[in-house]
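Data block below; observations after.
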Amino acid sequence: MKQQLIKYSLIFFAFGIGFTACKKDSNNNNNNPTLYQQDDQMARPAINTVFISAANKDQFNTTAPKDMSATFGAEMKTKLLALNPGYTTNLLGLTPDQFIGVLSTDVLNASTTGTTSFYDGTHVLTGRALNDDVIDVELTLIFGGPDGSANPGLTSDHVNANDAAFLTTFPYLANPH
Amino acid sequence: MKSRKIVVTAIAAVAITIGGILFAADHNDSPTVKNQPTDITDVYVFQATDPNNLVFVANTQGLLAPSATAAAAFDPNTLIEIKIDNNGDNVEDLVIQAIYANGKMNIYGPVSPSMTGTMSKVEGAITASVDVTPYSASSPVTATGSNGIKVFAGPRDDPFFFDLDQFKAILAGTATSFNNPGTDTFAGTNVMSVVVEVPKTLLNATTGKINVWLTTNKKV
């Protein structure tokens, strides 16, 4: 009787594991999870589009940020100096190596304790708000020289705001056109 | 497969030569994702109206004309993932995941992922879920999860603004400066958007700083 009980228990136990495994397989079992392969990534605006060559754009999108600087830093510096051969430093006082050092690890820095802005004159890289004119910031840092006044035809696209007003409450983005 | 990739790359190279690929925030930025549901257009991170919360915006599938927006849809095989480093090593410590299923956008996390890097799996349990707002809706459908996470998913105006066409002309050498006023290439276009508002206390941001990046991941 006792032996039979053990036997039944073992059978139930085995079935239990079997059912558990089956159920989890259809969702996400740690032993056999459904995997998702990275296709695209983005942090700061326009890094891949502006600084990475056409041949390497897919590779950039599938390289983890911690590995980007070693892989793409040299290419990005070359591109910076091709875009602006006269680059010395920028409004943030960054040399080409320093500027590319920041850009080539493509993460969006954000503050969890205060104002969030891409750059507002006071806050530098503390987030990205919907109405931040990120393109003018980037153009100024690439073309504007040490005080932002160089190449005045290239430091603003003169599109200074979105075409639709943002909402003041969640989800903040405007209704579709 | 390899030869197909070479063909695609060759076509892309031709397209670039004739100025066919767009430069933008991240819209259509590489051959693999061009016009795919995995194409990211933008990511935003900002303090919410409630300063105790942080907002993450993940926009995909850009340059949707109004006439194309009703048919635009989220892809059940695309995992949208906001990756958060909270200790400064540029490796994700937390992920917020969004995946579409049966008319809903389900949110997982913020949760410490079991794997880091360019391969992902859905992590943990659903923390918030919302019906995807249809294009025809007059106002956005939102939901709040049990831990205070708010979520929205659906078509929105593309919040990005840029005189892309003039920038392309400058790069091509057919113009030497921007126009004043410029022309917003993204005016009147829509994106497929996921917006998640998260209590800051869930981010374990002991230094007050986080590093964020947005990824899209296709089911293997």
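Scanning the stretch B:111-130 for residues that are out of contact with any Pro (no Cβ under 9 Å at 6 or more places or on another chain) and open to solvent by less than 30 Å² (accessible area, probe 1.4 Å) turns up B:113, B:117, B:128, B:130. Taking the stretch A:33-122 and the helices (runs of 4 or more DSSP H) fully enclosed by it, the elements with 3 or more residues that are loosely packed, with under 15 Cβ neighbours inside 10 Å and among the aliphatic types (A, V, I, L, M) are at A:65-83.
Look at residue B:193 and say whether it is polar (S, T, N, Q), modelled with pLDDT under 95 and either surrounded by 16 or more Cβ atoms within 10 Å (Cβ to Cβ) or farther than 24 Å from residue B:78 by Cα (or both).
No: the conditions fail for residue B:193.
Would you mind stating whether residue B:163 is over 27 Å from residue A:37 (Cα atoms), touching a strand residue (DSSP E or B) at 6+ places or on another chain (Cβ under 9 Å) and within 7 Å of chain A (Cβ to nearest Cβ)? Judged against the criteria, residue B:163 is not a match.
Any residue at all in the stretch A:135-145 that is part of a loop (DSSP other than H, G, I, E, B), more than 15 Å from residue B:54 (Cβ to Cβ), more than 8 Å from every other protein chain (Cβ to nearest Cβ) and modelled with pLDDT of 95 or more? For the stretch A:135-145, residues part of a loop (DSSP other than H, G, I, E, B), more than 15 Å from residue B:54 (Cβ to Cβ), more than 8 Å from every other protein chain (Cβ to nearest Cβ) and modelled with pLDDT of 95 or more: present. Of the strands (runs of 3 or more DSSP E) contained entirely in the stretch B:22-137, those carrying at least 2 residues that are under 17 Å from residue A:41 (Cα atoms) and among the aliphatic types (A, V, I, L, M) fall at B:40-47, B:53-64, B:78-85, B:94-101. Residues B:127, B:144: which one is more than 12 Å from every other protein chain (Cβ to nearest Cβ), more than 19 Å from the chain's Cα centre (by Cα) and of a type outside the set (Asp, Glu)? Sole residue among the options that is more than 12 Å from every other protein chain (Cβ to nearest Cβ), more than 19 Å from the chain's Cα centre (by Cα) and of a type outside the set (Asp, Glu): B:127.
Touching a helix residue (DSSP H, G or I) at 6+ places or on another chain (Cβ under 6 Å) and within 10 Å of chain B (Cβ to nearest Cβ): which single residue out of A:118, A:166, A:170 fits that description?
A:118
Quick one: would you say residue B:162 is open to solvent by less than 20 Å² (accessible area, probe 1.4 Å), in a loop (DSSP other than H, G, I, E, B) and not basic (Lys, Arg)?
Judged against the criteria, residue B:162 is a match.
Residues in the stretch B:166-175 that are surrounded by fewer than 16 Cβ atoms within 10 Å (Cβ to Cβ) and either modelled with pLDDT under 95 or touching a His at 6+ places or on another chain (Cβ under 9 Å) (or both): B:171, B:172, B:173. So which residues in the stretch B:196-220 are open to solvent by 10 Å² or more (accessible area, probe 1.4 Å), aliphatic (A, V, I, L, M) and within 7 Å of chain A (Cβ to nearest Cβ), if there are any at all? Across the stretch B:196-220, the qualifying residues are B:205, B:220.
The values are calculated or read from the model by the stated rules, or taken from the named source; none is laboratory data. This structure is a prediction, so every number in the text was calculated from the model and none was measured. Cβ: placed from backbone, ideal geometry, glycine included. Neighbour counts: every protein chain shown. These accessible areas exclude ligands, DNA and RNA; they are computed on the full protein's heavy atoms, side chains included. Shrake-Rupley method; radii C 1.70, N 1.55, O 1.52, S 1.80 Å.
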